[in-house]
Amino acid sequence: MKHKIKLVIIFAAFVFGGLAVSFSSQRAQTRTTQVETAGQRFKNIKVLNDMPADQLGKVMNIFSASLGVNCDFCHYGEDFEKDGKKEKETARDMIKMTMSLNKDHFRGRPEVSCNTCHHGLDHPQAQVNLSPEPIAERPKQPETKPTVDQIIDKYIAALGGAQKLAKITSREIKSVRVEPDGRTTEPENKWFKEGKYFSETMYGTTAVTEGFDGTKGWKAGNKAAIYMKPDEAEQVRREGELSAPEKIKQIYPKMEYRALDRIDGHEVYVVFATAASGTRERLFFDVATGFLVRRSTATPTMFGNYTYQVDYLDYKLFGGVKLPATVKYSMPNIRWTSKVVSLKNNPQIDDKRFESIAAGH
Ligand code: HEC
Ligand code: HEC
């Protein structure tokens, strides 16, 4: 994917609006008490008027991924409020149809979404597939279920043990971000320290940064900075927290074994985990190696769940402990793989690094 398309999607995040970093806390408070609708926040909304404004960004990415298209299939460049493309008008009809199907046939639950029909195609196929791929069956479930303690103990041991892990309080990772085309790459640096997180990715000469300062998640680029929406901030927080995997039981005070499943042919234990904040996630541990290989969470929208998935792959020894050398991030319409180039445990990191850029202004 070209830097330009990627940047449109990234900077659209600023259009969709989190709380601008400079907003007064008073404004932030009024926002939490009454939910702002898309009709109130955006300029030219004709059908999604009552949808919470914070869902619009996710929903636009769900539309794009469902049809297998970019934003410009329905929009003129970054003039998102402009009308005139027939695809945007068709999409408005489709939104109305989808909402009425759910209202009239599924008691208002978002059972039908764009992807239910489109499956990644702009023109859905009505005819039946005559040579379907067989659907992989779930592996036979174990007679005695493993306990969460067994799964976690094996994971921590596989990484090198709690003692070794606890000695690491900061980390610096130099990596490359590989785009879905497999060819486009961007240099990326990440810093972790006591639950705080900061990353910087270079798209050509444009730096896009993301961070969690211990309480708030923020992102910045193109001289603009915003605080993330709560669910996004929660995910950046988790990246920071999980750099200390020996604390996994504190990160997720509630964990429950669910089932034995498979990812890419490997058997995995599926664990339902609830973070301290109440966010529910699924953790997948490789049965053979013990490693955490996937983590996923879903945020509901009017057009189905917006899934956020992280795959931790290719565990290697870095200074006495094993860590994933490849991390794959997947969301509707947004995917990249981060490959470690070099990793330093316990570097000196100034706390200032984790502050939002607004703090320095
Ligand atoms: C399949 C068509 C389609 C795709 C693809 C699509 N959009 Fe939209 N978008 C719409 C429609 C339709 C509206 C107006 C909804 C309404 O009128 O209620 C809209 C509205 C918007 C708005 C609100 C503009 C305003 O101020 O009124 C933004 C911002 C936006 N889209 C961004 C994006 C971005 C970014 C992408 C790519 C990630 C994208 N859209 C992909 C159909 C689409
Ligand atoms: C019940 C099935 C169904 C659902 C649900 C559905 N669509 Fe469609 N959509 C279709 C079909 C069928 C066509 C092709 C119609 C035609 O060619 O006349 C289509 C066509 C379109 C087109 C025109 C594509 C083109 O090539 O011009 C757009 C845009 C679109 N859909 C967007 C959406 C969006 C956005 C959603 C979710 C809000 C959605 N659709 C939900 C069945 C569906």
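A compact table of results
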item	result
Alpha-carbon centroid distance for the pair region 246-302 / region 136-212, whole angstrom	13 Å
Lys/Arg +1, Asp/Glu -1 at C-beta; the chain dipole; positive extreme among ASN345, VAL148, ILE45	ASN345
For the chain: relative contact order, % (alpha-carbon pairs under 8 angstrom, 6 or more apart)	17 percent
Taking region 148-360 and dividing mean pair separation by its residue count, relative contact order in percent (alpha carbons under 8 Å, at least six apart)	22 percent
Choice from MET97, MET228, MET255 showing the highest fluctuation, given a GNM over the chain with Cα pairs closer than 10 Å	MET97
Segments 195-201, 348-354, 153-159 sorted - mean Cβ within 10 Å per residue, highest first	195-201, 153-159, 348-354
Whole-number percent relative contact order across region 147-218, with pairs defined as alpha carbons under 8 Å at least 6 apart	18 percent
Subset of LYS219/LYS339; LYS46/LYS223; LYS6/LYS316 violating a 26 Å alpha-carbon distance limit	LYS46/LYS223; LYS6/LYS316
Structure-based [θ]222 nm, the chain - -39500 (n - 2.57) summed over DSSP H runs of at least 4, per residue, nearest 500	-8000 deg cm²/dmol
Protection proxy ranking of 88-96, 51-59 - average other beta-carbon atoms within 10 Å, highest first	51-59, 88-96
About the Cα centre, charge dipole magnitude for the chain (Lys/Arg +1, Asp/Glu -1 at Cβ), debye	500 debye
Which of VAL321, VAL47 has the fewest Cβ neighbours within 10 Å, and the rest in rising order	VAL47, VAL321
Highest-fluctuation residue, ASN129, ASN44, ASN333 considered, GNM on the chain with Cα pairs under 10 Å	ASN129
Most mobile of THR274, THR205, THR215 in a GNM of the chain (Cα contacts under 10 Å)	THR205
Unit charges on C-beta of K, R, D, E only; dipole of region 35-118, Debye	200 debye
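Each value in this text was obtained by applying a stated rule to the coordinates, not by laboratory testing. Owing to the predicted nature of the structure, the values given are computational and were not obtained by experimental measurement. In this analysis, Cβ positions are derived from the backbone assuming ideal geometry, glycine residues included, and neighbour counts consider all displayed protein chains.
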